[in-house]
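Structure first, then comments.
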Amino acid sequence: MTRRVLVTGGAGFIGSAVVRRLVRAGWEVLNVDKLTYAGNLASLNEIDNSPNYRFLKADIGDGAAMREALDTFRPDLVMHLAAESHVDRSIDGPGDFIQTNVVGTFTLLQEALRHWRGLDAAAQKAFRFHHISTDEVYGSLGEDGLFREDTPYQPNSPYSASKAASDHLVRAWFHTYGLPVVMSNCSNNYGPYHFPEKLIPLTILNALEGKPLPVYGRGENVRDWLYVDDHAAALELIATTGRLGESYNVGGNNERRNIEVVRTICAIMDRLVPDAALGAREGLITFVTDRPGHDARYAIDAGKLKNELGWVPSETFESGIEKTVRWYLDNAAWWEPLKARYDRARLGAKG
Ligand SMILES: NC(=O)c1ccc[n+]([C@@H]2O[C@H](COP(=O)([O-])OP(=O)(O)OC[C@H]3O[C@@H](n4cnc5c(N)ncnc54)[C@H](O)[C@@H]3O)[C@@H](O)[C@H]2O)c1
């Protein structure tokens with residue numbers, strides 16, 4: 001039986017990795033995306049001619065459009081990734097985050113519930129709604145400890161607060177209405193097709209062009225980095241085999257301080273594209289005013305996902321970051337046009 005999945009946010013960084021993976025695996029995929037500044041159909045060039053892929057430009061907050069998409073496509077799985085995702089932008093303008101992440105998720109849940117209630121018993125049993133979220137909902141860790149699924153929520157940024165709100169709504173639609181949901185919370189992703197406002201692609205592209213490499217504060221903040229295709233594999237597994245009503249933490253077991261990440265990228269670039277005039281790219285590192293409310297450390301305990309569903313990441317940080325740098329060097333045709341949308345200027349500094 002062909003499986004049918006409606007993916008929201010499939011033109012974004014992680015969503016496009018999920019769509020590429022599922023189309024190749026033979027799923028019927030409908031990608032529903034509003035195409036904000038972060039959405040990019042060029043990220044789907046590898047699969048967009050496939051007969052089992054289609055695209056709908058729509059806002060998840062548009063209930064009528066979601067209703068029609070569900071009624072006509074009749075998915076047995078919804079994977080919900082559409083979101084405003086950049087913390088710095090949430091500091092400058094939280095309204096869009098509330099609208100899409102909270103109100104949009106609510107609208108999608110209502111339409112998914114209506115759709116599910118209209119299915120026959122066998123289709124109801126097969127249906128699932130997978131909500132994709134972030135580890136930032138748990139707040140900040142000290143030197144030790146790991147985020148587990150039962151860690152209390154303590155979101156500190158408008159972004160993480162809006163994602164926490166959406167997680168609570170999804171959970172409530174399971175407990176109150178019986179909508180078959182599964183949830184996941186993941187650490188920082190990196191890899192190909194990442195919009196260059198985020199630390200890793202920004203550093204690669206600035207290092208290539210000999211521009212300053214901005215590092216917030218002293219670069220001491222720790223993130224647990226996961227290669228995006230490892231996340232996509234985890235998401236397919238959770239969506240299809242995760243226990244209903246449960247959430248799963250996804251992480252790469254790759255804690256790095258931001259300054260280490262930037263130095264590693266500099267060393268790889270010095271090796272792959274040496275520039276005698278520029279010298280060692282570490283010299284481009286510039287410490288800038290820290291992000292307001294910057295969480296000190298995130299780290300994931302992904303034991304539940306490993307023990308219950310058998311998932312482990314296939315990339316180490318070293319292998320994944322090398323692949324990522326090489327991808328950006330080989331794919332200027334993807335990132336060049338994005339310069340017109342974003343000039344890699346500082347966002348969210350004022351708070
Ligand atoms: N990037 C990370 O490191 C990370 C880590 C953990 C969880 N997440 C979560 O994973 C999901 C995807 O993250 P990403 O990094 O790919 O984000 P992204 O910003 O790259 O992509 C988001 C996509 O959603 C679309 N979108 C935004 N608002 C929409 C709306 N109202 N209706 C329809 N589409 C809309 C955008 O056009 C874009 O294509 C998000 O829910 C995010 O919270 C991200």
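The values are calculated or read from the model by the stated rules, or taken from the named source; none is laboratory data. Since this is a predicted model, take the numbers as computed values, not measurements. Methodologically, a virtual Cβ is constructed for each residue, glycine included, from the backbone with ideal geometry; neighbour enumeration extends over all protein chains shown.
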Go through region 51-154 and tell me which helices (runs of 4 or more DSSP H), entirely inside it, have 2 or more residues that are of a type in the set (Phe, Trp, Tyr) and surrounded by fewer than 23 Cβ atoms within 10 Å (Cβ to Cβ). 105-117
Flag if residue 253 is within 16 Å of the ligand (Cβ to nearest atom) and at positive phi: yes
Considering region 1-17, residues that are in contact (Cβ under 8 Å) with a residue 24 or more places away in the chain and among the aliphatic types (A, V, I, L, M), and then whichever is farthest from the ligand (Cβ to nearest atom), we arrive at 5
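Quick grid of which residues meet (1) at pLDDT 95 or above; (2) assigned to a strand (DSSP E or B):
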residue	(1), (2)
173	yes, no
203	yes, no
207	yes, no
214	no, yes
238	yes, no
248	yes, yes
Among the listed residues 45, 49, identify the single one that is farther than 15 Å from residue 193 by Cβ and free of Cβ contacts under 8 Å to residues at least 24 places away in the same chain. 49
Name the single residue that is nearest to residue 103 (Cα to Cα) among those in region 169-188 being touching a Phe, Trp or Tyr at 6+ places or on another chain (Cβ under 7 Å) and of a type outside the set (Gly, Ala, Ser). 169
Kindly indicate the residue of region 188-221 that is in contact (Cβ under 8 Å) with a residue 24 or more places away in the chain and among the acidic types (Asp, Glu) and also surrounded by the fewest Cβ atoms within 10 Å (Cβ to Cβ) among those meeting that condition. 220
Restricting the search to region 1-41, which residues are over 14 Å from residue 82 (Cβ atoms) and in contact with a Lys or Arg (Cβ under 7 Å, 6 or more places away or on another chain)? 4, 27, 28
Conditions (1) over 17 Å from the mean Cα position of the chain (by Cα); (2) within 11 Å of the ligand (Cβ to nearest atom): number failed by residue 86: (1)
How do the helices (runs of 4 or more DSSP H) wholly within region 273-351 filter down when requiring 2 or more residues that are among the polar types (S, T, N, Q): which remain? 317-330
Considering residues that are away from the ligand (no atom under 13 Å from the Cβ) and either surrounded by fewer than 19 Cβ atoms within 10 Å (Cβ to Cβ) or farther than 20 Å from residue 70 by Cβ (or both), the number found within region 18-47 is 7
Would you say residue 204 is within 12 Å of the ligand (Cβ to nearest atom), closer than 30 Å to residue 331 by Cα and among the aliphatic types (A, V, I, L, M)? no
Hey, among 232, 276, which residue is of a type in the set (A, V, I, L, M, F, W, C) and more than 18 Å from the chain's Cα centre (by Cα)? 276
Can you pull out the residues in region 268-277 that are of a type outside the set (Asp, Glu), closer than 18 Å to residue 318 by Cα and without any contact (Cβ under 8 Å) to a residue 12 or more places away in the chain? 271
Quick one: which of 94, 75, 51 is away from the ligand (no atom under 11 Å from the Cβ) and under 30 Å from residue 348 (Cβ atoms)? 94
